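K.L.:
Starting off with a structure, shown below.
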C-alpha cells in the first residue's frame, strides 16, 4: 500500500527545496509530516475527513494545522479533504442538518447554500456565512458530529485496510518462501 501511495506523494527532498515552503522551516519540513506508515496514513485520513466539512477555502488550512499538530502525513490529509466538492457538499450538508435536527430534536427546513457567482469570493463567503447562520444550531452541531463520525470511520477503515494489506503480504511472502505446500 505504501508503494502505491508514495508514487503520488512528494519526497522529502523536493519539499525541502521548494522555495514556497522555505519560510516555514522546520514546522512543515518535520519528517513525520512526510513519512507514510499505518499510523500517519490513518491519522491523515481522519484529519482530512474532519477538515473536509470546514466551509469554503479553509479546508486545506485546517488540514495543514491539524496535520502539524498531530504529526500525520500532510499530503494525504490535504488530498483527503477533496471528498467535498460541488457535487457532494449539498448532500453532506443535508445529512449534517438532519443529524443536528435528530440530536437537538428540533424542526426546520433545509435550504440550499449560495452558489458561486460572478461577484467574487468576498460576497460568496458573506452569503455562505449568512446561509449557515440561517440554518442555525442543527447545521452547526450536525457538521461537527458528521465530521467526527467521518474522521473516526476513516481512521478505522484505513487502519483495517492497511492491516489487511500487511496480512496478505505476509501470506504471499510465506507462500513464496515455503512453496505451494505450506
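K.L.:
Report the normalised scattering of the chain as log10 I(q)/I(0) at q = 0.08, 0.11, 0.16, 0.18 Å⁻¹, calculated by the Debye formula with identical scatterers on the alpha carbons.
P.N.:
-0.35, -0.61, -1.02, -1.15
K.L.:
Okay, next question. To the nearest 10 degrees, how steep is helix 59-70 against the longest Cα principal axis of the chain, on a 0 to 90 scale?
P.N.:
50
K.L.:
Right, another one. Specify the angular offset, from 0 to 90 degrees and rounded to the nearest 10, of the alpha carbon long axis of helix 38-51 from the longest principal axis of the alpha carbons in the chain.
P.N.:
Helix 38-51 sits at roughly 10 degrees to that axis.
K.L.:
How far is helix 121-178 tilted off the main Cα axis of the chain, in degrees rounded to 10, range 0 to 90?
P.N.:
Once rounded, one gets 10 degrees.
K.L.:
Which distance in nm do the two modelled labels at residue 71 and residue 174 give, with both placed 7 Å along the Cα-to-Cβ direction?
P.N.:
3.3
K.L.:
What 222 nm value per residue comes from the helices of the chain, counting each DSSP H run with n ≥ 4 as -39,500 (n - 2.57) and dividing by all residues, nearest 500 deg cm²/dmol?
P.N.:
-22000 deg cm²/dmol, from helical runs alone.
K.L.:
Between residue 60 and residue 152, what is 0.36 nm times their sequence separation minus the Cα-Cα distance? Round to one decimal in nm.
P.N.:
Extra length from residue 60 to residue 152 when fully extended: 31.2 nm.
K.L.:
What Kirkwood radius, in Å to one decimal, follows from the Cα pairs of the stretch 29-125?
P.N.:
14.9
K.L.:
I've got another one for you. Principal axes first, then extents: for the Cα atoms of the stretch 55-100, list largest minus smallest coordinate on each axis, whole Å, largest first.
P.N.:
33, 21, 15
K.L.:
Follow-up question, since we're still on this one. Report the relative contact order of the chain, percent, no decimals, based on alpha-carbon pairs under 8 angstrom and at least 6 residues apart.
P.N.:
Relative contact order comes out at 24 percent.
K.L.:
What is the gain in length, in nm to one decimal, between residue 116 and residue 30 on full extension, counting 0.36 nm per residue of separation less the C-alpha to C-alpha distance?
P.N.:
Gain on stretching residue 116 to residue 30: 27.3 nm.
Rule-based calculations on the coordinates, nothing more; no lab input. Model, not experiment: these values are computed from the prediction. Every residue, glycine as well, gets a Cβ built from its backbone with ideal geometry; the counts of neighbours run over all protein chains shown.
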